[in-house]
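In what follows, a structure is listed as structure tokens, so that the remarks can point back to it.
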Amino acid sequence: MEEDRTPDLRIANATLSQLSYHPGTEPTAGRKFYRKISAPMQISPPFGYTEVVPFLKTQKVRLLAPGQVPPFVQQGNAVPISHTEFQPIARHYPIVFTSGDGGKSFAAVAVLGLSQGENLFYAEGKWAGGSYIPAYARRYPFCMARVNVNNVEQKDRLICVEKSMLDDAGEAMFDAEGKPGEKWKGVERLLAEYEADLERMREMCALLADYGLLEPFSMQATLRQEKGGGKMQLTGMHRVAEKNLENLNTAQLKNLMRKGYLARIYIHLLSLENFARLLDRKGERVPVAQ
């Protein structure tokens, strides 16, 4: 029996507007900023996180093992990506653009599955060997979060951690004297570089939309009967329309080239061929119909 499965990729973009931050003058500016606040504070967790709290030097954290990813990535068919990740992402996954606010803003994501709640690269408790793990998943359980004080959004972002990952049996990121360990130095560098890189990604998406380059599209496919059969349609995606590139003026093309966005446009277009690879991976997982 054929089944019509029509997941909408926009579910992966529900709170992507919360992904950017403006770093302070020091790597730990966000944490110092938190300590000075006496008014009620509201923290907005990034997409996929459940409840985040400010990270303190005295806290111990359960870290993910190599190849492990957070639950929302294990069971998600898309994950946000940043500006510098286009090349490694394109080797394995389709890169598309999604909008969670009706086209007012866009974000780039890597497509991991063809059905809702499906990650074709995660099985038996680990990521598929040889496949690049997006930085959004690797930074977990840490993140940089938006902070509102008296309903006013603050400029600085706060270094936070998923509350459920705090554990006295976990790993200490700082020693008894408050000096950062090597693991924390790596985490802090990833957070700062990744969040700054997301700003470039946000600028690129805004420019593509402003130039009228993005168009909606869907992916439709039918699994072979020996692989279980069934029609599938993935919606909520946008891509760069090649025909619209021809309508750009010289100044616009030069701007895309100068910022490094033109190269990423073509990487994105080439990555769309990976939908066929996703279909193959899905076919390998679907049991043969009896």
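Taking each residue as 0.36 nm, the span from K231 to V53 lengthens on full extension beyond its C-alpha to C-alpha distance by 59.8 nm. Here S218 and T84 are evaluated by their C-beta separation; at R0 = 35 Å the FRET efficiency comes out at 0.80.
Between A176 and K259, the modelled label-to-label distance comes to 5.2 nm, taking each label 7 Å out from Cα in the direction of the beta carbon.
Expressed as a whole percent, the accessible surface of segment 155-262 that belongs to carbon and sulfur atoms is 48, based on a 1.4 Å probe. Each Lys and Arg contributes +1 and each Asp and Glu -1, all at the Cβ; summed about the Cα centre of segment 111-264, the dipole is approximately 600 debye. With a cut-off of 11 Å on the backbone N, no residue of segment 203-224 is near the modelled label site 7 Å out from R277 along Cα-Cβ. The residues of segment 86-197 expose, per residue, 43 Å² of accessible area to a 1.4 Å probe. Here the Karplus relation 6.51 cos²θ - 1.76 cosθ + 1.60, evaluated at θ = phi - 60°, turns the backbone of segment 133-146 into coupling constants of 9, x, 4, 4, 7, 6, 6, 4, x, 8, 6, 10, 10, 6 Hz, with x for every Gly and Pro.
Annotation: aspartates and glutamates with alpha-carbon distance below 17 angstrom to K185 (same-chain offsets under eight excluded): E26, E171, D175, E177, E193, E195. Prolate is the label for segment 47-87. Its Cα gyration tensor axes, ordered a ≥ b ≥ c, give a/c of at least 1.5 and a/b above b/c. When nucleic acids and ligands are ignored and a 1.4 Å probe is applied, D175 ends up with an accessible area of around 80 Å².
Positive end of the dipole of segment 74-180 (Cβ unit charges, origin at the Cα centre): among M165, G76, S105, the Cα lying farthest that way belongs to S105.
Rolling a 1.4 Å probe across all protein chains gives M257 an accessible area of roughly 120 Å².
The values are calculated or read from the model by the stated rules, or taken from the named source; none is laboratory data. Note that the coordinates shown come from a computational prediction; the quantities given were computed from them, not determined experimentally. Note: ideal-geometry Cβ built from the backbone for every residue, glycine included; neighbour counts use all protein chains shown. Ligands, DNA and RNA are excluded from the accessible area calculation, which covers all protein heavy atoms including side chains. Shrake-Rupley method; radii C 1.70, N 1.55, O 1.52, S 1.80 Å.
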